[in-house]
Amino acid sequence: HHHLHQACLQGPWKTPHHLIHQRVDEGAWIPQNPLIYGVESFLQQHPDDDLGRLSDMELEPELHTWQQTVGRDILSQLEQREIDRQEVINELFLTESSHLRILRVLDQIFYQRMKKENFLSRDELTLLFPNLREVIEAHNSLLESMWTLREDSPVLKEIGDIMLARFDDIAGQEFQQVVANFCCNQSLSLEMIRQKQKRDQRFQIFMQDAESNP
């Protein structure tokens, strides 16, 4: 979270080449937003949405390595270096999938309910979720393009072209701006949430309920 927050406030992101090789545990693709904290606990139960087949995708811990998703016959034909390469590529899939699911939880569990039940005014919703749907659509488009590579075979020859097409040059600047717009109200949003919870018991109850019972 910290990496991307610093990026949106201080300047350019790392180059696409760094993004391609970045490890999942660095979390640099997750847009920073106050409600992202704790969202991971929702992921196994969050409801469906209208953005395609990825919404019901389960990321089970036992399937978090590429080798556990392919047969031994495939593994036996590959050198260890290629197996390691496929694991790194798989981390990109898992990371992007996880980020997209977190964003959808923000949409379904928080934004949609806040809007429907009038917990926040239109201006407050705009402050907290300035362009959430746009961010979701951007990540959904990226992940769908990644999944097309696996339609024919679980062994990917390359993924760099898709990454560069999304993160390099003008396309990369546009993607950066979309995510930067989403995260750069963080300080004001956090303060607004704190004050709202202090003043509005109904909002406080909603937050507690949403965080514990998605």
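Structure values in brief
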item: Conditions (1) farther than 19 Å from L128 by Cα; (2) in a loop (DSSP other than H, G, I, E, B); (3) at pLDDT below 50; number of the one not met by Q77; result: (3)
item: Subset of region 139-169 that is of a type in the set (V, I, T) and in a helix (DSSP H, G or I) - its residue that is surrounded by the fewest Cβ atoms within 10 Å (Cβ to Cβ); result: T148
item: Only listed residue being touching a helix residue (DSSP H, G or I) at 6+ places or on another chain (Cβ under 8 Å) and over 30 Å from I74 (Cα atoms), chosen from D107, D200, D209, D123; result: D107
item: Flag if M207 is under 30 Å from E117 (Cα atoms), modelled with pLDDT of 90 or more and open to solvent by less than 70 Å² (accessible area, probe 1.4 Å); result: yes
item: Failed condition for N90, given (1) in a loop (DSSP other than H, G, I, E, B); (2) among the polar types (S, T, N, Q); (3) in contact with a His (Cβ under 9 Å, 6 or more places away or on another chain); result: (1)
item: Test: residue in region 178-192 that is out of contact with any Phe, Trp or Tyr (no Cβ under 7 Å at 6 or more places or on another chain), among the aliphatic types (A, V, I, L, M) and either open to solvent by 60 Å² or more (accessible area, probe 1.4 Å) or under 30 Å from D73 (Cβ atoms) (or both); result: yes
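The values are calculated or read from the model by the stated rules, or taken from the named source; none is laboratory data. Small disclaimer: the values here were computed from a predicted structure and weren't measured. Positions of Cβ are generated from backbone atoms using ideal geometry, with glycine treated the same way; all protein chains shown enter the neighbour counts. For accessibility, only protein heavy atoms count, side chains too; no ligands or nucleic acids. Shrake-Rupley method; radii C 1.70, N 1.55, O 1.52, S 1.80 Å.
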